[in-house]
1. In Å and on Cα atoms, what radius of gyration and Dmax does the protein assembly as shown show?
2. May I ask you to list the aspartates and glutamates whose Cα is less than 16 Å away from that of A:LYS62, ignoring any residue fewer than eight positions away on the same chain?
3. With the crude spin-label approximation of a point 7 Å out along Cα→Cβ, what separation in nm comes out for A:TRP10 versus B:ASP46?
4. Could you work out the helix-only [θ] at 222 nm for chain B, with each DSSP H run of four or more residues adding -39,500 (n - 2.57) and the total divided by the number of residues, to the nearest 500 deg cm²/dmol?
5. Checking the cross-link filter: which aspartates and glutamates have an alpha carbon closer than 17 Å to that of B:LYS39, excluding same-chain neighbours under 8 positions apart?
6. Expressed as a rounded percentage, what relative contact order does chain B have, with Cα pairs under 8 Å and six or more residues apart?
7. Among the listed pairs A:LYS35/B:LYS33; B:LYS33/B:LYS87; A:LYS234/B:LYS68, which are separated by more than 32 Å between their Cα atoms?
8. For peptide B:18-28, compute the average count of partner chain beta-carbon atoms within 10 Å of each residue's beta-carbon.
Amino acid sequence: MYRLFYTPTWFNGWDLIFEAISLLIVLLIAGYSWKIYRLSADNKFKYFSLAFILLAIGFTFKLITTGVLYYSALQKIADSVLQPIIQNKVTYADLFYRSGFFLQMVSMLGGWLLIFFVSQKSRARLTRFYEVSQIVLFLYLIVLISIVSNFQYFVFYLTCMVILGMVVLNYFKNYLNTDRNWNAFLVMDSFLLILISQLFFVFVFLWEELYILGEVFLLIGFLLLLFTYRRITKAA
Amino acid sequence: MGSRRSRLELVFDILQAIQNKGGAIKPTHLMYKSNLSHKLLSSYLDELILKEMIEIIEKEGKRRKVTKVVALTEKGSTFLAEFRRIKDFTEAFGL
């Protein structure tokens, strides 16, 4: 059975619950950003919404792929669906899991990268031509990293760390520029916690239990985002 | 001199100026209330009409003289109500 890395067996299922919660949170934020876009027709809200939709897609693929890995009943269902199509030409399990992880990684990396671009102030961005070429280059790198990460998982989490590091920096600048706005501070902390979770995932090969810490920090990061979102939408 | 208003704040000022006048206002009055130049206001009005937040209607004034006024639409009213939350969201997420 193909796996990216090995995790504590007793934690199987709990990570799915954590990520299902994170999935709901990102969908909530994506939905609100889309609502603002419908009102203001300002493209940055559309791209911000798209970024969180990409994260949601990433979580969804992870839930599906990992769910099939954990539960034999789901494996049998996947087997019955895929076997007639692929037959015996390839190891279908390998194909299924590799595809699932690939799609998860491409979506997550795309989401983090889009958040990085959107959180940059426009004056800090390059002229249109260079911006387009920059985006094309990053798209290529995302696909390449996602393919490589199927064989060396830590490359994905390392790349997420780098992108999230830049996102945290952008939000730190935003916190200073908004006169130390409390909501901006909470958003910065949310992404910082998510960044720390990726650090734990990188070193899972040393100690399996780090996967649990990573999942916990990831969940706390998204819960803090949810808290910030509720603070904003509840305020009159 | 105060700091420059963001695009969102400018849109809010324009819509609020219309709302404060009962939902419809003459373009000249709007220019003074929103503290914008004629050129800038015109560009914003064009954009807001496109986004269906305002509309230009003909209103009968004094001595049955028909004048054009800028009126707030339902979408514009919704934006005004949501503005505080939108502003907080924009600031928090650096948009």
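What follows is calculated from the coordinates using simple rules that are stated; it is not laboratory data. From a predicted model like this one, the values you see are computed outputs, not experimental measurements. Cβ placement follows ideal geometry from the backbone for every residue including glycine, while neighbour counts extend to all protein chains displayed.
1. 24.6, 88
2. A:ASP15, A:GLU19, A:ASP94, A:GLU215
3. About 6.8 nm separates the two model spin labels.
4. Calculated from helices alone, the mean residue ellipticity at 222 nm is -18000 deg cm²/dmol.
5. Result set, ordered by chain and number: B:ASP13, B:GLU47.
6. Relative contact order here is 28 percent.
7. Where the Cα-Cα span goes over 32 Å, the pairs concerned are A:LYS234/B:LYS68.
8. Taking the mean over all residues of the peptide, I get 0.
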